[in-house]
1. Quick one: in segment 36-90, of everything that is part of a strand (DSSP E or B) and of a type in the set (Phe, Trp, Tyr), which residue is nearest to residue 132 (Cα to Cα)?
2. List, please: which pairs have Cβ atoms under 9 Å, are six or more places apart or on different chains, and start with a residue in segment 317-340 that is within 15 Å of residue 362 (Cα to Cα) and assigned by the TED database to the domain that holds residue 293 and end with one that is part of a loop (DSSP other than H, G, I, E, B) and of a type in the set (Lys, Arg)?
3. Name every residue in segment 508-519 that is surrounded by fewer than 21 Cβ atoms within 10 Å (Cβ to Cβ) and either closer than 27 Å to residue 119 by Cα or at pLDDT 95 or above (or both), in order of residue number.
4. Quick one: what pairs do we get from segment 36-63, first residue under 22 Å from residue 198 (Cα atoms) and touching a residue at least 40 places away in the same chain (Cβ under 8 Å), second assigned to a helix (DSSP H, G or I) and open to solvent by 20 Å² or more (accessible area, probe 1.4 Å), C-beta under 9 Å, 6+ apart or different chains?
5. For segment 329-357, enumerate the residues that are farther than 14 Å from residue 282 by Cβ and outside any strand (DSSP E or B).
6. Can you tell me which residue is least open to solvent (accessible area, probe 1.4 Å) among those in segment 199-244 that are more than 24 Å from residue 413 (Cβ to Cβ) and not in a strand (DSSP E or B)?
7. Determine whether residue 132 is touching a Cys at 6+ places or on another chain (Cβ under 8 Å), assigned to a loop (DSSP other than H, G, I, E, B) and either open to solvent by less than 50 Å² (accessible area, probe 1.4 Å) or outside the structural domain of residue 81 (by the TED database) (or both).
8. Could you look through segment 445-482, keep only residues that are more than 21 Å from the chain's Cα centre (by Cα) and of a type in the set (Gly, Ala, Ser), and pick out the one that is modelled with the highest pLDDT?
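The values are calculated or read from the model by the stated rules, or taken from the named source; none is laboratory data. Being a predicted model, the structure only gives us computed values, none of them experimental. Cβ sites come from the backbone with ideal geometry, for glycine too, and all protein chains shown count toward neighbours. The accessibility values were calculated without ligands, DNA or RNA, using every heavy atom of the protein model including side chains. Shrake-Rupley method; radii C 1.70, N 1.55, O 1.52, S 1.80 Å.
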Amino acid sequence: MDVAANCSLRVKRPLLDPRFEGYKLSLEPLPCYQLELDAAVAEVKLRDDQYTLEHMHAFGMYNYLHCDSWYPDSVYYIDNLGRIMNLTVMLDTALGKPREVFRLPTDLTACDNRLCASIHFTSSTWVALSDGTGRLYLIGTGERGNSASEKWEIMFNEELGNPFIIIHSISLLKDEEHSIATLLLRIEKEELDMKGSGFYVSLEWITISKKSKDNKKYEITKRDILRGKSVPHYAAFEPDGNGLMIVSYKSFTFVQLGQDLEESQDENMSEKIKAPLYYWQQTEDDLTVTIQLPEDSTKEDIQVQFLPDHVNIVLKGQRFLEGNLYSSIDHESSTWIIKENNSLEICLIKKNEGLTWPELVVGDKQGEFIRDSAQYAAIAERLMHLTSEELVNLGSNQYLFSVIVDPKEMPCFCLRHDVDALLWQPHSGTQDDMWEHIATFNALGYVQASKRDKKFFACAPNYSYAALCECLRRVFIYRQPTPMSTVLYNRKEGRQVGQVAKQQVASLETNDPILGFQATNERLFVLTTKNLFLIKVNTEN
């Protein structure tokens, strides 16, 4: 990864339209085709113990329809018989039934705490698959667009612990060694959590390799774990496999870096993901340390000693934290207090005002530093020599959705900028132009905010339209401005309008909830429990 820096998203002014007048509702009907499924979609509803907002984001709003970006207009879903079903559209008026391309070897219903099965199209010939029980499959598919060479075959199959969903995967070939990197997401219970929901989000970066052409066996060669407090909006590997880009409300940190699996130990890993012993944050003038106290603690159980460059904290006769501070403090002005939530709050006054401390106690790794969002840019700039992570504050730019424009590149992500929605293409290895503004959906940031029941958001890879669906029935389509075939004038300004952007609404003939939603250049695919709908949006050139 690149070193930390204060980066910005550079908007391309020619892609903005300050005179955009809004979307005109079009009553022109859209061709809609409906296919009945042989078996229901393998939907997994949230359990009683999955009650947090993060569970809802990750699993409750999961998109059960998967688009193969390597082969346009080819979509997949997994049914409750454990079958991966594919529909590839050649001609809308001659649709065939979805066909089975692979069947999971395990019975999905046998696992009580399973998650939804997930799939990611790694390359034109590889697929990463999770059955939702904690087992990862890597499947060689052959050329999926060619029925003669397409054959789905398991090349790797291993149990990896607690259930997970697959976020992203890439295929890499270096020095004749083929490897596949997969990113897995779990929401884990944190028994010692002193604040928040009691859960944390785990991202596991697993590299699976075949050492040589002669060796046909794929094995796990590396496992890295990142940990955070929110489900990421977006997470994707850089195409060279050397970095990972995450868009998230809260930051992620590595808790296990580059560990060689042959030398790893489970207890070492469990120690690294334990809850922090204390939390600390800082301003220009002071530092605040928060420690959750054992139950029934009193003031007499606590001893705090401040020295100019040393601190010693004793709880109930046991040494809790002792050591040299990173820099000097005004020990006579520093204080401590027991808060109402049974926590000890210590305030240390900095002797050197304005100095940023990279650590509290020299050499101590038991605490967790909490960054205030307003400090992101300043801290990132000051700690350039201390970290290998890129930290960028998106501010108030709301994340909307992601789309794969080029499957060989990282997925693009769309952010709200004022009233518009701007599409950004990430580039790896280009510090000055890490995110390229490639398209604008005029006023879409404002329009989507009024859709209270929206569930999924998408756009065509060629940016010709954006679309969103509600939880039930309705789909809204927002087209890019196109030239008018007739003369139209703006009544307020009296000028001729050259282009008009259309809004269209499609209503599905079903009362089943929408479980999946995908957009291609020509079609929208909408998946419900028992049906797959195709909405023809654009006509072929």
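1. In the first step, residues of segment 36-90 are kept if they are part of a strand (DSSP E or B); the result is 36, 41, 66-67, 74-79, 83-88.
With the extra rule that they be of a type in the set (Phe, Trp, Tyr), the set shrinks to 76-77.
Values: 76: 16, 77: 14 Å.
Among those that are part of a strand (DSSP E or B) and of a type in the set (Phe, Trp, Tyr), it is 77.
2. Matching pairs, first to second residue: 327/351; 328/351; 329/351.
3. Filtering segment 508-519 down to residues surrounded by fewer than 21 Cβ atoms within 10 Å (Cβ to Cβ) leaves 508-513.
Matches in segment 508-519: 508, 510, 511, 512, 513.
4. From residues that are under 22 Å from residue 198 (Cα atoms) and touching a residue at least 40 places away in the same chain (Cβ under 8 Å), the pairs are 50/56; 50/60.
5. Hits for segment 329-357 are 330, 331, 332, 333, 339, 340, 341, 342.
6. The residue in question is 218.
7. Details: touching a Cys at 6+ places or on another chain (Cβ under 8 Å): yes; assigned to a loop (DSSP other than H, G, I, E, B): yes; either open to solvent by less than 50 Å² (accessible area, probe 1.4 Å) or outside the structural domain of residue 81 (by the TED database) (or both): yes.
Judged against the criteria, residue 132 is a match.
8. 464
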